[in-house]
Amino acid sequence: MRTNKSVFESRRNKFFDTMEDGIAIIPSASEKIRNADITYPFRQDTDFYYLTGFEEPESVALLIKDGKNRDFVIFLRPRIPEEEQWTGRRLGPEAAVEELGADKAFAIGKFWNKLPDFLNHKSILYYVMGIDKARDFRINGIIEELKAEARKNKWGPWTIIDPRTILWNMRLYKSAFELENLKKACEITTEAFKRTIKAIQPGMMEYEVQALLEFEFRRGGSPRLGFETIAASGANATTLHYVKNDQVIGKDDLILLDAGCEYNYISSDVTRTFPAGKKFSPAQKDVYTAVLDAQKAAINKIRPGNTYQDIHMTAVYVLAERMIDMGILVGKLEEIVENQDYARYFPHRIGHYLGMDVHDCGPYFVNGKSITLKENMVLTVEPGLYIPPWDKDVPEKFRGIGVRIEDDVLVTGSGHSVLTDPPKEPGDLV
């Protein structure tokens, strides 16, 4: 899934357009040791990949702006045949200019020696503090050393700005290229859910469901998961982030399956809840229908000009009213909503932004006000009800039922488009 380097050049140009004269330091992710000399599977830092398209660790990108002059400099691992024999071929500095569109490329071992020259006479540094304290310390040290040599006409940045103030606003609105890959991720996920739901039988282990789904992701062309798969049966579904997936699925259980794949660094995110035995109990169907109706109402509110809070509260009112009807909550609707009594069983927000990260970047509230939805934003819509088995304040028939239904929704110029469509109508799940 190699991406045309013009995509990343366009993103860098947008970043340059917004940044002030200065220098941005954007490091790659680092490999993490799992145990002994074995590392966890590597996934590139999202912001670094967004600007470079480069997937190797131990790399640093510099974006340097001085008036009309713009330079993209990258430091990366050199070609070392003895190491490549063990871990695979590297790009190397010699090929980085052509392959990545860099203006200059150097071996990563030269980074700290060359950084003082790059920082000299730059008034503003764009850099994320707090991720790597050792790196922060060295960069601050170089800046202070430059300032100490003012009599030699040397000085370093006086202002440090978080580059995410630019990057995360860029990433909030999806380009045509990003939407193409998002739709592919959603297509793979949708087909995987359809096949997995058909294959499930009572008596299977939750991890078998997980394995079936993740096999379909890989077969569909996805290189990795967007997040850890949740395959929760029965009362396990009342734990929002249940990932043990180690229980036997009972014939009367609901199964809550929450998963998504990545495609070209874009993630999908879908949840479906369905009966293992192909039949809802009356109580299960009541809870399920309440959540489905809340989701439909919330999705129908998605259009430019409405706010994230509008979407959330639309679902809240449906869920609260239905919980009153079921006897799960007692009281007047407006008071239950105002006091947030519903949050006992619907404790999370309606959804989140979706993109290169499954919980993608972007503000939900600015100056205390809910952000207005705009074209090419993408968000999940995932209401749920989770009734713990030990909760004696609700009728016994509802205890231990957990239901969540989630789809990925694009804000269009005139409304919305639902990008995921595994079956969710009760009649299609039995």
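The values are calculated or read from the model by the stated rules, or taken from the named source; none is laboratory data. Computed from a predicted model, the values in this text were never measured in an experiment. Neighbour counts run over all protein chains shown; Cβ positions are idealised from the backbone, glycine included.
Going by the conditions given, is residue 124 over 29 Å from residue 39 (Cα atoms), surrounded by 15 or more Cβ atoms within 10 Å (Cβ to Cβ) and of a type in the set (A, V, I, L, M, F, W, C)?
Values: over 29 Å from residue 39 (Cα atoms): yes; surrounded by 15 or more Cβ atoms within 10 Å (Cβ to Cβ): yes; of a type in the set (A, V, I, L, M, F, W, C): yes.
The answer is yes for residue 124.
May I ask you to list the residues in region 186-203 that are in a helix (DSSP H, G or I), among the aliphatic types (A, V, I, L, M) and either closer than 21 Å to residue 430 by Cβ or out of contact with any strand residue (DSSP E or B) (no Cβ under 6 Å at 6 or more places or on another chain) (or both)?
Kept after step one, since they are in a helix (DSSP H, G or I), are these residues of region 186-203: 186-199.
Those still in the list that are among the aliphatic types (A, V, I, L, M) too: 188, 192, 197, 199.
Once the filter is applied, which keeps residues that are in a helix (DSSP H, G or I), among the aliphatic types (A, V, I, L, M) and either closer than 21 Å to residue 430 by Cβ or out of contact with any strand residue (DSSP E or B) (no Cβ under 6 Å at 6 or more places or on another chain) (or both), region 186-203 yields 192, 197, 199.
Quick one: which helices (runs of 4 or more DSSP H) lie wholly within region 282-350 and hold at least 3 residues that are free of Cβ contacts under 8 Å to residues at least 12 places away in the same chain and in the same structural domain as residue 398 (by TED's automatic domain parsing)? Steps first, please.
On the way: elements: 282-300, 308-326, 333-338.
So the answer is 333-338.
Can you tell me which of (1) outside the structural domain of residue 49 (by TED's automatic domain parsing); (2) free of Cβ contacts under 8 Å to residues at least 40 places away in the same chain is the one residue 162 doesn't meet?
Looking at each condition in turn, residue 162 falls short on (1).
Only residues that are within 21 Å of residue 398 (Cβ to Cβ) and either of a type in the set (A, V, I, L, M, F, W, C) or surrounded by 19 or more Cβ atoms within 10 Å (Cβ to Cβ) (or both): list them for region 242-256, please.
The answer is 242, 249, 253, 254, 255, 256.
Of everything in region 204-225, what is more than 19 Å from residue 243 (Cβ to Cβ) and part of a loop (DSSP other than H, G, I, E, B)? Give them in sequence order.
Once the filter is applied, which keeps residues that are more than 19 Å from residue 243 (Cβ to Cβ) and part of a loop (DSSP other than H, G, I, E, B), region 204-225 yields 220, 221, 223.
For region 351-398: of the residues being polar (S, T, N, Q) and assigned to a loop (DSSP other than H, G, I, E, B), which is surrounded by the fewest Cβ atoms within 10 Å (Cβ to Cβ)?
If we filter region 351-398 for residues that are polar (S, T, N, Q), which is where we start, we get 367, 370, 372, 376, 380.
After this cut, where a residue has to be assigned to a loop (DSSP other than H, G, I, E, B) as well, the list is 367, 376.
Details: 367: 5, 376: 16.
So, considering only residues that are polar (S, T, N, Q) and assigned to a loop (DSSP other than H, G, I, E, B), the one surrounded by the fewest Cβ atoms within 10 Å (Cβ to Cβ) is 367.
Select from region 8-41 the residues that are surrounded by 15 or more Cβ atoms within 10 Å (Cβ to Cβ) and of a type in the set (A, V, I, L, M, F, W, C) and list them in ascending order.
Those that are surrounded by 15 or more Cβ atoms within 10 Å (Cβ to Cβ) and of a type in the set (A, V, I, L, M, F, W, C): 8, 15, 16, 19, 23, 24, 25, 26, 29.
Pull up region 42-78, narrow it to residues that are in contact (Cβ under 8 Å) with a residue 40 or more places away in the chain and basic (Lys, Arg), then point me to the one that is nearest to residue 178 (Cα to Cα).
Of region 42-78, the ones in contact (Cβ under 8 Å) with a residue 40 or more places away in the chain are 43-44, 46-47, 49-54, 58-60, 62-67, 70, 72-73.
This time we only want the ones that are basic (Lys, Arg), so: 43, 65, 70.
Details: 43: 18, 65: 26, 70: 25 Å.
If we take residues in region 42-78 being in contact (Cβ under 8 Å) with a residue 40 or more places away in the chain and basic (Lys, Arg), then 43 is nearest to residue 178 (Cα to Cα).
Has region 363-371 got any residue that is within 17 Å of residue 315 (Cβ to Cβ) and out of contact with any helix residue (DSSP H, G or I) (no Cβ under 6 Å at 6 or more places or on another chain)?
no
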